[in-house]
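Shown next, in structure tokens, is the structure this report addresses.
The values are calculated or read from the model by the stated rules, or taken from the named source; none is laboratory data. Note that this is a predicted model, so its numbers are computed, not measured. Here the Cβ positions follow ideal geometry from the backbone for every residue, glycine too, while neighbour counts run over all protein chains shown. Just the protein is used for accessible areas: all its heavy atoms, side chains included, with ligands, DNA and RNA removed. Shrake-Rupley method; radii C 1.70, N 1.55, O 1.52, S 1.80 Å.
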Amino acid sequence: MAVAPELFDAKHALGALSLADIHLRGPLGMKTLDAADLQYRGNYDNSNDSDDPHIAKGLNYHQGPEWGWPLGYFLRAYLHFEKGSGASLEDVLHHLFNNLLPARRYIQEDPWAGIPELTNENGSYCHDSCRTQAWSNSTLLDFLHDVYDLRATA
């Protein structure tokens, strides 16, 4: 939606983004699966050697842990479709900047000063995740650049 918004009907896109905001957005990223799904396993542990086929050997990598990089794309898409809906730009930015507060706090407190590859459920630390990942950070910077451009032309 952020890369090719012309492919989407604006009303349907906003509906999908609203649902993603409620069900998939975590503090530092986007869940890879809705917690209501029966296959959801939000805590990733690659060293798990159990007999549980859902999580052993890190098989739940795509079954719920929250990845950092999609958050920026989500925010960019939300900004694009909300600004086109007639909503107040300040209200939209207030909502989206509030979504960024956990990431801001994390970056300020983290020794690597960045967003991790992924977190466990609700943004909790994942010891098998890269502590900071360039594309997790860059997509947030892309969103902030979009906001800068939007304000510069307003």
Gyration tensor over alpha-carbon atoms, the stretch 71-154, equivalent ellipsoid semi-axes in Å = 27, 12, 11
query = Which value, in debye to the nearest 20, describes the size of the charge dipole of the chain about its Cα centre when Lys and Arg Cβ atoms bear +1, Asp and Glu Cβ atoms bear -1, and nothing else is charged?
reply = 320
request  = Taking a cut-off of 30 Å between Cα atoms, list the lysines near LYS57, but don't count ones fewer than 8 places away on the same chain.
outcome  = LYS31
inquiry  = Which one, GLY29, PHE74, TYR61, is farthest towards the positive end of the dipole of the chain when Lys and Arg carry +1 and Asp and Glu -1 on their Cβ?
reply    = PHE74
query = Using a 1.4 Å probe on the protein chains only, how many percent of the accessible area of the chain belongs to carbon and sulfur?
reply = 57
key: Cα→Cβ-extended label distance, 7 Å offset, between LYS83 and SER18, nm   = 2.1
query = Which translational diffusion coefficient, to the nearest whole µm²/s, is obtained for the stretch 26-97 from the Stokes-Einstein equation, given a Kirkwood hydrodynamic radius over C-alpha pairs, 37 °C and 0.692 mPa s?
reply = 234
query = What accessible area per residue comes out for the chain, rounded to a whole number of Å², with a 1.4 Å probe?
reply = 56
ask   = In nanometres, what is the gap between the two model label sites at ALA10 and PHE97, each 7 Å from Cα along Cα-to-Cβ?
value = 2.4
note = The FRET efficiency for ASP37 and ASP149, from their Cβ-Cβ distance with R0 = 25 Å and rounded to 0.05, is 0.10
message = Run lengths n ≥ 4 of DSSP H only: what is the helix-derived mean residue ellipticity at 222 nm for the chain, with -39500 (n - 2.57) per run over all residues, to the nearest 500?
response = -15500 deg cm²/dmol
